[in-house]
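The values are calculated or read from the model by the stated rules, or taken from the named source; none is laboratory data. Not measured: the values here are computed from a predicted model. Please note: Cβ atoms are built from the backbone with ideal geometry, for glycine as well, and neighbour counts cover all protein chains shown.
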């Protein structure tokens, strides 16, 4: 069973399903597993960390995988693009900033340029930069995203704005119904994060995976508190969606005070156990309601494709 689209043709893959390059979850093992299942895996580079890129590419072995880079971090560590391109990845994803300064080098290296955007203006900027694929990410997504547009409204608007460039939907897609909906909106595939973060091959701590299984989307919020306490310089217009906990309840809305007391509060934050979800961040999108187990990446891909086929078949004439 396969769902051919322009994305599958472009990447030479079976299924239009991409692994989001989550810095905490998308290591070489998970990226390779998604590719082996017929999708396409991207490793996360952290904050443009060259050593992490090389380590995760090595962990992926000979699998065809891509590299995701946070563009604002790449501005401070441009050598990370060298680390990515030295492995000749089929695709490089640039997110959270202007891709223009790096687009030429990506394409000259023979890699496809994937650009993740959160607004129509950013989509047009990516198209002008020469993007081969544009990923439209709604505020529904887990982890960092803009707070302006939801996935359902953003995707078809981006499709219309950048045609004929293929568009991929990102944000709250966690099963085949989401894939089917994205295709009906004009997307050529989906980028999935939260669902793959709670998989057997994910780099997440087991407590995070079980936390995602237990979480509800109604309990998520977009917040900057976890970036502030960790001292990570995310632009303020890209907050992170996470599951509410005691730490966010205490500090959300008090970011300036938290920043002023960061050294003191961070010491306590870092001292908590990795599995202490009352304090530690659990990034999760609005699709977390649909995460009910921790299967292999292969099972996730197979389930998603089968469910999408059923969803689309039920709405075809005849």
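General remarks:
- Candidates are the residues of the range 254-291 that are part of a loop (DSSP other than H, G, I, E, B) and surrounded by fewer than 12 Cβ atoms within 10 Å (Cβ to Cβ); the one that is modelled with the lowest pLDDT is 274.
- Search result, residues across the range 173-197 that are within 20 Å of residue 60 (Cβ to Cβ) and touching a helix residue (DSSP H, G or I) at 6+ places or on another chain (Cβ under 7 Å): 195, 196, 197
- Residue check, residue 172 part of a loop (DSSP other than H, G, I, E, B) and surrounded by 23 or more Cβ atoms within 10 Å (Cβ to Cβ): yes
- Among the residues of the range 183-208, those that are outside any loop (DSSP other than H, G, I, E, B) and over 14 Å from residue 287 (Cα atoms) comprise 183, 184, 206, 207, 208.
- In the range 209-219, the residues that are in a loop (DSSP other than H, G, I, E, B) and surrounded by 15 or more Cβ atoms within 10 Å (Cβ to Cβ): 215
- With respect to (1) buried (at least 20 other Cβ atoms within 10 Å of the Cβ); (2) touching a helix residue (DSSP H, G or I) at 6+ places or on another chain (Cβ under 6 Å), the lone exception for residue 130 is condition (1).
- Scanning the range 61-80 for residues that are in contact with a strand residue (DSSP E or B) (Cβ under 7 Å, 6 or more places away or on another chain) and over 21 Å from residue 37 (Cα atoms), we see that the one that is surrounded by the most Cβ atoms within 10 Å (Cβ to Cβ) is 69.
- Some residue of the range 220-235 being out of contact with any strand residue (DSSP E or B) (no Cβ under 9 Å at 6 or more places or on another chain), in a loop (DSSP other than H, G, I, E, B) and at positive phi: yes
- Some residue of the range 145-159 being touching a residue at least 40 places away in the same chain (Cβ under 8 Å), assigned to a helix (DSSP H, G or I) and surrounded by fewer than 20 Cβ atoms within 10 Å (Cβ to Cβ): no
- Candidates in the range 26-57 are the residues that are in a loop (DSSP other than H, G, I, E, B) and under 16 Å from the mean Cα position of the chain (by Cα); of these, the one that is surrounded by the fewest Cβ atoms within 10 Å (Cβ to Cβ) is 47.
- Condition check for residue 66: within 19 Å of the chain's Cα centre (by Cα) and outside any loop (DSSP other than H, G, I, E, B): yes
- In the range 87-112, the residues that are in contact (Cβ under 8 Å) with a residue 24 or more places away in the chain, farther than 21 Å from residue 233 by Cβ and not in a helix (DSSP H, G or I): 87, 89, 90, 91, 92, 109, 111, 112
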